[in-house]
Amino acid sequence: LDRKDFSLYASAITKWIADYFQQLEQLPVKSAVKPGEIYQQIPAHIPAEGEPIPDMLKDLSDIILPGITHWQHPNFHAYFPANSSVESVYAEMLTAALGVQGMIWETSPAAAELEERMMEWLRDAMGLPSNWEGVIQDTASSATLVALLTAREKATDFQSNETGTPGHLRVYCSTQTHSSIEKGVKIAGIGRRNLIKIPVDEQLAMQAEALEAQIRADLQAGLQPCCVVSAIGTTGTLAVDPIKEISRICQEYDIWHHVDAAYAGSALLLPEYQWMGEGIAQADSFVFNPHKWLFTNFDCTAYYVKDPGILVRTLDILPEYLRTATRGQVNDYRDWGIPLGRRFRALKLWFVMRSYGLNGMQEKLRHHIQLNRAFAEGVEQHADFELLMPPFLNATCFRYAPQGLPPQYLDELNESLLQRVNSSGEAYLTHTKIGNTYTLRMVIGQTYVEERHVKKTWALLQGLAEQCKKGAHT
Ligand code: PLP
């Protein structure tokens with residue numbers, strides 16, 4: 001195909017997308033294919049001659065679609081939202097057409113400057129300090145790695161980049177924080193055994209006193225505390241760590257404080273949830289994912305730092321071919337993250353934020369929170385179900401606990417309930433463990449989810465729970 005032929009199939013493709021959106025609710029939420037089933041249907045070699053686009057669209061429907069788990073299905077309640085929107089899809093199409101590689105300002109000034117502005121829009125709307133600067137990263141995992149590297153360099157007077165990471169650095173997070181922190185300390189050369197997991201309280205939030213005691217003990221032992229990663233919204237239960245107290249401790253002991261709000265950060269757009277970020281102005285860096293709960297399709301992570309100078313000093317490289325006359329006057333984002341090459345992700349944020357407006361985004365977030373409250377009420381009022389944590393934001397942790405069934409059977413019963421729900425194709429939920437208790441999680445964050453979808457999942461859960469109970473008795 002030549003570029004001038006673009007419109008030949010463009011409408012067939014947009015029609016495919018529009019039809020997909022139309023039929024999405026009728027598709028099984030979780031793909032039921034067996035391992036290898038898709039792979040076996042794809043030829044082993046590149047076709048020698050080019051094939052027609054309509055054949056590919058047919059194979060997309062016949063071969064690929066059955067192997068897709070539909071994250072945009074309104075009854076997708078698993079893991080965390082990775083939602084999208086019509087606006088975001090439009091912008092992705094345009095991004096692909098422009099094909100920008102925004103490694104430095106000169107390789108597309110508009111990409112760099114729109115990114116700078118979009119990060120300011122979000123920063124200000126979320127109540128983050130107005131002197132912080134933001135950059136778009138691919139994932140929260142990369143952003144947290146960047147934070148750990150920056151913390152490492154600061155703690156070692158920028159010597160680790162030169163001579164390697166010393167073995168006595170310490171990083172702290174709670175027992176509930178995301179696995180990306182563990183991965184980050186491995187990659188940063190800090191070492192997993194130097195990641196100390198601080199105990200949590202009943203709300204599963206980090207115990208600040210335990211953190212401080214651990215830091216003191218480490219200092220006495222000649223170790224060097226380097227970074228604390230706290231969470232606004234852990235993945236399992238959306239627990240919020242005491243940011244203010246952790247910031248105070250970090251300031252007192254001169255430790256980098258990185259806040260991981262990958263999932264729940266969007267709620268900072270709501271004045272009624274601003275309390276979650278109290279004390280954040282004293283932290284050093286912050287990450288949240290518009291690609292989770294802000295209608296912007298994967299990937300798009302917003303990473304903020306108080307002092308971009310330290311970040312750039314940690315990551316900058318300057319091969320001859322990247323020397324430009326504008327260096328120093330503009331943001332060359334290649335020095336703000338891991339990869340050199342960068343997608344033009346700001347465009348989709350621009351489309352989403354302009355089309356929704358702040359009010360529109362707030363309305364959607366509040367709607368999801370409200371739907372979650374209603375779901376949790378149903379659970380609470382049902383004699384055979386129980387809440388395992390108070391519902392928070394758009395997630396509820398609960399289990400099926402039919403009266404009269406001995407507690408030792410409950411984990412197995414809930415595992416089998418989850419399996420039935422997910423293999424029904426009608427909804428998709430996942431689990432976590434709270435202590436040793438097998439816990440079901442209901443997450444309500446798909447962009448277009450409505451009350452009827454949540455009611456449908458709740459009815460499904462109740463119906464299949466009855467079946468499981470009968471199964472348990474026989
Ligand atoms: N942090 C938290 C709290 C998360 O919930 C997640 C995703 O589940 C991550 C980090 C990792 O996000 P990403 O996939 O963008 O690396």
Practice problem: Only residues in the stretch 245-258 that are surrounded by fewer than 18 Cβ atoms within 10 Å (Cβ to Cβ) count as the first member; pair them with residues that are assigned to a helix (DSSP H, G or I) and not acidic (Asp, Glu), Cβ under 8 angstrom, at least 6 apart or cross-chain, and list the lot. | Solution: ARG248/GLN282; GLN251/GLN282; TYR253/ILE215; TYR253/LEU219
Quiz item: How about the stretch 341-353: which of its residues are more than 16 Å from the ligand (Cβ to nearest atom), closer than 25 Å to GLY184 by Cβ and surrounded by 15 or more Cβ atoms within 10 Å (Cβ to Cβ)?
Solution: ALA346
Practice problem: Just one of (1) under 24 Å from the mean Cα position of the chain (by Cα); (2) modelled with pLDDT of 95 or more trips up GLY435, so point out which. | Solution: (2)
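Between GLU25, GLU49, which is more than 30 Å from LYS433 (Cβ to Cβ), of a type in the set (Asp, Glu) and assigned to a loop (DSSP other than H, G, I, E, B)? I'd like the intermediate steps shown before the answer.
Values: GLU25 fails: assigned to a loop (DSSP other than H, G, I, E, B).
Being more than 30 Å from LYS433 (Cβ to Cβ), of a type in the set (Asp, Glu) and assigned to a loop (DSSP other than H, G, I, E, B) holds for just one of GLU25, GLU49, which is GLU49.
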Quiz prompt | Elements of type strands (runs of 3 or more DSSP E) contained in the stretch 180-264, each with 1 or more residues being out of contact with any Ser or Thr (no Cβ under 8 Å at 6 or more places or on another chain) and over 26 Å from LEU387 (Cβ atoms) | solution = 195-198, 224-231
Quiz item: Just wondering, is there one or more residues in the stretch 396-407 that are modelled with pLDDT under 95, out of contact with any strand residue (DSSP E or B) (no Cβ under 6 Å at 6 or more places or on another chain) and either of a type in the set (Asp, Glu) or not in a loop (DSSP other than H, G, I, E, B) (or both)?
Solution: yes
Quiz item: Which residues, taken from the stretch 359-394, are touching a Phe, Trp or Tyr at 6+ places or on another chain (Cβ under 8 Å) and either among the hydroxyl-bearing types (Ser, Thr, Tyr) or closer than 23 Å to LYS469 by Cα (or both)?
Solution: PHE375, ALA376, GLY378, VAL379, ASP384, PHE385, GLU386, LEU387, LEU388
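Okay, residues lined up against (1) surrounded by 16 or more Cβ atoms within 10 Å (Cβ to Cβ); (2) of a type outside the set (Asp, Glu):
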| position | (1), (2) |
| --- | --- |
| GLY279 | yes, yes |
| ASP284 | yes, no |
| PRO290 | yes, yes |
| CYS300 | yes, yes |
| ASP307 | no, no |
| LEU311 | yes, yes |
| THR324 | no, yes |
| GLY328 | no, yes |
| PRO339 | no, yes |
Quiz item: In the stretch 243-264, what count of residues is obtained for those that are within 14 Å of CYS173 (Cβ to Cβ) and within 16 Å of the ligand (Cβ to nearest atom)?
Solution: 8
Exercise. Check whether at least one residue in the stretch 202-212 is touching a Leu at 6+ places or on another chain (Cβ under 7 Å) and either on the phi > 0 side of the Ramachandran plot or not charged (D, E, K, R) (or both), and report yes or no.
Key: no
Quiz item: Which residues, counting only those in the stretch 133-185, are within 25 Å of GLY341 (Cβ to Cβ), surrounded by 22 or more Cβ atoms within 10 Å (Cβ to Cβ) and among the charged types (D, E, K, R)?
Solution: ARG152, GLU153
Exercise. Working only within the stretch 312-332, note down all residues that are under 15 Å from SER108 (Cα atoms) and outside any loop (DSSP other than H, G, I, E, B).
Key: LEU322, ARG327, VAL330
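Looking for whichever is of a type outside the set (D, E, K, R), in contact (Cβ under 8 Å) with a residue 24 or more places away in the chain and assigned by TED's automatic domain parsing to the domain that holds SER230 here; the options are GLY309, GLY337. Which one fits? Let's see the steps before the verdict.
Numbers: GLY309 fails: in contact (Cβ under 8 Å) with a residue 24 or more places away in the chain.
Matching residue, one of GLY309, GLY337: GLY337.
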Quiz item: Can you spot a residue in the stretch 79-99 that is outside the structural domain of ALA239 (by TED's automatic domain parsing), within 16 Å of GLY425 (Cβ to Cβ), in contact (Cβ under 8 Å) with a residue 40 or more places away in the chain and among the β-branched types (Val, Ile, Thr)?
Solution: no
Quiz item: Considering only residues of the stretch 265-299 that are among the aromatic types (Phe, Trp, Tyr) and in a loop (DSSP other than H, G, I, E, B), which is nearest to the ligand (Cβ to nearest atom)?
Solution: PHE298
Quiz item: What pairs come up if the first residue lies in the stretch 444-461 and is part of a loop (DSSP other than H, G, I, E, B), the second is surrounded by 17 or more Cβ atoms within 10 Å (Cβ to Cβ) and of a type in the set (A, V, I, L, M), and their beta carbons are under 7 Å apart, counting only those six or more places apart or on different chains?
Solution: ILE444/LEU371; ILE444/VAL454; VAL449/LEU371
Quiz item: What are the residues in the stretch 118-145 that are within 12 Å of the ligand (Cβ to nearest atom) and either hydroxyl-bearing (Ser, Thr, Tyr) or within 10 Å of VAL287 (Cβ to Cβ) (or both), if any?
Solution: GLN137, THR139, ALA140, SER141, SER142, ALA143, THR144
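Sort out which residues of the stretch 222-248 are polar (S, T, N, Q) and either touching a helix residue (DSSP H, G or I) at 6+ places or on another chain (Cβ under 7 Å) or modelled with pLDDT of 95 or more (or both), and write them in order of number. Give the steps one after another, and end with the answer.
Let us first name the residues in the stretch 222-248 that are polar (S, T, N, Q), namely 224, 230, 234-235, 237, 247.
Hits for the stretch 222-248 are GLN224, SER230, THR234, SER247.
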Self-check item: Residues (free of Cβ contacts under 8 Å to residues at least 40 places away in the same chain and either surrounded by 15 or more Cβ atoms within 10 Å (Cβ to Cβ) or touching a His at 6+ places or on another chain (Cβ under 7 Å) (or both)) located in the stretch 388-412
Solution: PRO391, ALA401, LEU410, ASP411
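The values are calculated or read from the model by the stated rules, or taken from the named source; none is laboratory data. Computed from a predicted structure; not experimentally measured. FYI the Cβ positions are ideal-geometry reconstructions off the backbone, even for glycines, and counts take in every protein chain you see.
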